[in-house]
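Shown next, in structure tokens, is the structure this report addresses.
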Amino acid sequence: MTAAPDPGGRKPSRGPGRRPGPTETREAILASARALFTEKGYNGASLRAIARDAGVDPALVHHFFGSKEGVFVAAVKFPIEPAELLPRIMAAPREKLGETVVRTFTEIWSDDGNRERVLNLLSSAMTNESAAMVFREFISEALFARAAEIHDIPLVRLDAAAGHMVGVMIFRYVLKIEPIASLSEDELVELIAPALQQYLG
């Protein structure tokens, strides 16, 4: 099970006189990131602060993870990489947004590993306020706000579309309620995409 960000998840200690290797350095950065995301939230934890806490140069954080989003995705094993997801949304014509969202959610949730990570994160967010704050800020800033800006969609409509899809995905992949659980991807798109297009179009 994937744990929520943990204030106790500090960087591993290094023995005296031992030069840290790439794996140890990467893990130190991730441990510091988990602690700072929990303490300060997604918005309040900067790359520079993470690097300082891990005892490394900020350039090294960029080298390993590319961005704060990249650090977050790796630190909490978030199944969605915004740098990969947003270009797909940007490339979709406005009239195909509903279909694109359905196919993207289906791709993520149909993978057993991704689905477990999503459910673990949702479970942590429902039982731990610190985890909820981090999750909420990341979703709002790194995903929804930028996606809304790309297509000039009010955030409330994007929230509604995402909530709709999470409910459908839980019915389909977790509860396995029939007949929606047995629909093909194309059949699911045909059923759900028009409703999402009403939110996003």
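Bear in mind that the values in this text are calculations on the coordinates, not laboratory data. Every value quoted in this text rests on a predicted model; they were computed, and no experiment measured them. All Cβ positions, even for glycine, are placed from backbone atoms using ideal geometry, and neighbour counts span all protein chains on display.
Expected output is a single nm value to one decimal: the length gained when fully extending between residue 81 and residue 43, i.e. 0.36 nm times separation in residues minus the C-alpha distance. What is it? The partial results should precede the final answer.
Working: separation 38, 0.36 × 38 = 13.68 nm, distance 1.72 nm.
Net length gain for the segment: 12.0 nm.
Can you bin the range 82-200 into rounded, prolate or oblate? Criterion: square roots of the alpha carbon gyration tensor eigenvalues sorted a ≥ b ≥ c, rounded for a/c under 1.5, prolate for a/b above b/c, oblate for the rest. Taking the square roots of the gyration eigenvalues as a ≥ b ≥ c, the range 82-200 is oblate. Neighbour counts of C-beta atoms inside 10 Å place 140, 110 in the sequence 110, 140, starting with the fewest.
Would you tally the net charge around residue 87, using a Cβ to Cβ cut-off of less than 13 Å, leaving residue 87 out, and scoring K and R as +1, D and E as -1? Before the final figure, lay out the partial values.
Details: positive: 88, 146; negative: 81, 84.
Taking every Cβ under 13 Å from that of residue 87, the sum is 0.
Work out the FRET efficiency for residue 123 and residue 95 from their Cβ-Cβ distance, taking R0 = 35 Å, and round it to the nearest 0.05. Calculated value: 0.45. Shape class for the range 22-76: rounded, because the ratio a/c of the largest to smallest gyration tensor axis (alpha-carbon atoms, square roots of eigenvalues) is under 1.5. For residue 136 and residue 52, a Förster radius of 25 Å and the Cβ-Cβ distance give a FRET efficiency of 0.50, rounded to the nearest 0.05.
On full extension of the chain, what length is gained from residue 195 through residue 23, given 0.36 nm per residue of separation minus the C-alpha to C-alpha distance?
Working: separation 172, 0.36 × 172 = 61.92 nm, distance 4.59 nm.
Full extension from residue 195 to residue 23 adds 57.3 nm.
Listed by Cβ neighbour count within 10 Å, with the fewest neighbours leading, 90, 165 appear as 90, 165. Charge tally around residue 65: other residues with Cβ under 12 Å, Lys/Arg +1 each, Asp/Glu -1 each, net 0. Placing a label point 7 Å from the Cα of residue 150 along the Cα-to-Cβ direction, the residues of the range 84-122 whose backbone N falls under 16 Å from that point are 84-108.
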